[in-house]
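The values are calculated or read from the model by the stated rules, or taken from the named source; none is laboratory data. What you are looking at is a predicted structure, and each value in this text was computed from that prediction instead of being measured. Note that each Cβ is placed from the backbone with ideal geometry, even for glycine, and that neighbours are counted across all protein chains shown.
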Amino acid sequence: MTSLSPSDKALVPFVSVDQMMKLIHHISVEEMMSGIADYIEADFKRWELFDKTPRVASHSEKGVIELMPTSDGDVYGFKYVNGHPSNTADGLQTVTAFGLLADVASGYPVLLSEMTMLTAMRTAATSALVARVLAPKNARVMAMIGNGSQSEFQSLAMKTIVGIEEIRLFDTDPKAIEKCAVNLQGQGLRVVKCASAEDAMEGAQIITTCTADKQYATILTDNMVGNGVHINAIGGDCPGKTELAPAILHRAEIFVEYPEQTRIEGEIQQLDPDHPVTEFWQVLTGQAAGRRDDKQITLFDSVGFAIEDFSALRYVRDRIADTGLFHPLDLLADPDDPRDLFGMLQRAKG
C-alpha cells in the first residue's frame with residue numbers, strides 16, 4: 001500500500017522566526033554577523049560567477065514589494081522583501097522578508113527561511129565589511145542617524161568587525177533614541193544620546209544614515225560632513241527617496257554594490273547617469289582602489305543586493321544542520337511515479 005506520509009524528497013528545511021532567533025543566540029549575534037560578513041566577502045570575490053539583475057520592484061503609494069534573485073550556477077536564491085515606512089503607525093514592521101535556496105541541477109528548493117531577522121543581520125554585516133575596508137584606520141566613533149530597527153545591528157556589527165567603541169545616537173523621534181540606547185546597554189559600547197544630527201557627528205569617523213521616510217530628504221547637509229569620514233548610507237533604497245545633500249556626493253568617492261540598481265534606488269539617483277562610481281567587489285579583488293588618504297570622504301551608497309542575501313542564506317544552511325533549528329516542511333509533491341501527479345491526488349482521498 002502506498003504511504004501518504006511525505007517522503008524525504010518532499011521535505012524542505014524551513015527556518016521560522018523563532019528558530020532564527022534561537023540560532024542567532026546559539027551562535028551569538030556578533031559571531032553570526034562576523035560569519036555572514038565572511039560569506040559575503042567570499043561571494044563578492046567571485047562576483048563574476050553570479051547572475052545579476054536589479055531587483056524586481058512593485059511600487060505603491062504605501063511602499064514597495066520586491067523580489068531579489070541571483071544564482072552562482074550551482075545554487076539559486078531569492079528574497080521576497082517589502083518596505084512600508086508607514087507600517088509602524090499600525091504596529092507593523094517597516095520591512096519583512098523571507099528567502100529560498102534551490103539546487104540549480106534539479107530545481108528543487110533546499111532551504112526556506114524567514115529573512116526579516118536575517119536581513120537585519122546581513123545588512124549590518126555588509127555595512128561593517130565595507131567599513132572595515134573603506135573607513136579611516138582605527139575608527140572608533142560612529143554617528144548613528146536614524147535609530148529604528150536596524151540601528152542596534154549596525155552598532156554591534158561595527159563594534160565586532162571594525163572596532164567601533166562609541167555610538168552617537170540621533171533620531172527625530174526621542175523614543176527611538178531611548179529604545180536604541182536601552183538595547184545597547186551592556187553590549188560593550190559607549191552610547192551617547194544626541195539632541196541633533198550635528199551633535200551626533202562630533203568626533204565620528206563613520207556616519208551611518210538609516211531613515212525610512214519615502215521622500216527626497218536631506219538628513220546630512222554638506223556643511224555637516226568633514227573631510228576624512230566614511231559615510232554608510234543605508235536608508236532610502238527606492239526611487240524618490242534619498243538622505244544626503246547632492247554636494248556631499250560630489251565631494252565623496254562613491255562605492256556601490258551594483259550600479260544598475262543603485263542608480264535607480266540609491267543616493268546617486270540625484271547625479272548624472274554617468275557619474276563615476278566604484279563597485280565594492282572590485283576593491284575586494286584588488287581591481288580598484290579603496291580609501292587613498294586620510295582626507296578622502298568615502299561613501300557606501302548601499303541599497304542591498306541579492307548576492308548578500310544569497311550569502312546569508314548559505315551561512316544559515318551550513319549552520320543549521322547539527323542544531324535541529326528548522327522544520328521539515330512538506331513543500332514538494334513527490335508521487336511514486338513522477339508522471340502520475342493526479343494519481344497521487346486520488347490516493348489522498350483516504
TODO: Can you confirm whether the stretch 220-227 contains a residue that is farther than 27 Å from SER60 by Cβ, modelled with pLDDT of 85 or more, in a helix (DSSP H, G or I) and of a type in the set (Asp, Glu)?
DONE: no
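For VAL133, are the conditions met, namely being surrounded by fewer than 20 Cβ atoms within 10 Å (Cβ to Cβ), part of a helix (DSSP H, G or I), in contact (Cβ under 8 Å) with a residue 40 or more places away in the chain and not polar (S, T, N, Q)? Talk me through it step by step, then tell me what you get.
Values: surrounded by fewer than 20 Cβ atoms within 10 Å (Cβ to Cβ): yes; part of a helix (DSSP H, G or I): yes; in contact (Cβ under 8 Å) with a residue 40 or more places away in the chain: yes; not polar (S, T, N, Q): yes.
Yes, satisfied.
Quick grid of which residues meet (1) in contact with an Asp or Glu (Cβ under 6 Å, 6 or more places away or on another chain); (2) under 20 Å from THR208 (Cβ atoms):
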{"position": "ILE264", "(1), (2)": "no, no"}
{"position": "ILE268", "(1), (2)": "yes, yes"}
{"position": "ASP272", "(1), (2)": "no, no"}
{"position": "HIS275", "(1), (2)": "no, no"}
{"position": "VAL283", "(1), (2)": "no, yes"}
{"position": "GLN287", "(1), (2)": "no, no"}
{"position": "ASP293", "(1), (2)": "no, no"}
Task: Given (1) in contact (Cβ under 8 Å) with a residue 40 or more places away in the chain; (2) under 24 Å from LEU101 (Cβ atoms), number of the condition ILE254 does not satisfy - done: (2)
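Could you list all residues from the stretch 45-66 that are part of a strand (DSSP E or B) and surrounded by 14 or more Cβ atoms within 10 Å (Cβ to Cβ)?
Residues of the stretch 45-66 part of a strand (DSSP E or B): 56-59, 64-66.
Passing the criteria: ALA57, HIS59, VAL64, ILE65, GLU66.
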- [ ] State whether the residues of the stretch 32-48 include one that is farther than 29 Å from SER155 by Cα and assigned by TED's automatic domain parsing to the domain that holds VAL95.
- [x] yes
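Using the structure shown, decide if ILE161 is surrounded by 14 or more Cβ atoms within 10 Å (Cβ to Cβ), touching a helix residue (DSSP H, G or I) at 6+ places or on another chain (Cβ under 7 Å) and assigned to a strand (DSSP E or B).
Working: surrounded by 14 or more Cβ atoms within 10 Å (Cβ to Cβ): yes; touching a helix residue (DSSP H, G or I) at 6+ places or on another chain (Cβ under 7 Å): yes; assigned to a strand (DSSP E or B): no.
Answer is no for this residue.
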Task: Test set (1) farther than 28 Å from GLN270 by Cβ; (2) surrounded by fewer than 18 Cβ atoms within 10 Å (Cβ to Cβ); (3) within 23 Å of the chain's Cα centre (by Cα) - LYS179 fails condition number - done: (2)
Open item on the list: Just to check your reading of the model, which residue among ALA195, ALA247 is over 12 Å from MET144 (Cα atoms), in contact with a helix residue (DSSP H, G or I) (Cβ under 8 Å, 6 or more places away or on another chain) and among the aliphatic types (A, V, I, L, M)?
Closed with: ALA247
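Just to be sure before I move on: is ALA195 crowded, with 24+ Cβ neighbours inside 10 Å and not basic (Lys, Arg) in the structure I sent? If you could, list the steps in order and put the result at the bottom.
On the way: crowded, with 24+ Cβ neighbours inside 10 Å: no; not basic (Lys, Arg): yes.
Against the criterion (crowded, with 24+ Cβ neighbours inside 10 Å and not basic (Lys, Arg)), ALA195 does not qualify.
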TODO: Out of VAL17, VAL64, VAL95, VAL12, report the one residue that is modelled with pLDDT of 95 or more, of a type in the set (A, V, I, L, M) and either over 17 Å from ARG317 (Cα atoms) or in contact with an Asp or Glu (Cβ under 6 Å, 6 or more places away or on another chain) (or both).
DONE: VAL17
Open item on the list: Could you check the stretch 283-319 and list, in sequence order, the residues that are farther than 27 Å from TYR80 by Cα and without any contact (Cβ under 8 Å) to a residue 60 or more places away in the chain?
Closed with: GLY286, GLN287, ALA288, ALA289, ARG292, ASP293
Task: Complete set of residues in the stretch 72-113 that are within 20 Å of PHE14 (Cβ to Cβ) and hydroxyl-bearing (Ser, Thr, Tyr) - done: TYR76, TYR80, THR96, SER106, TYR108, SER113
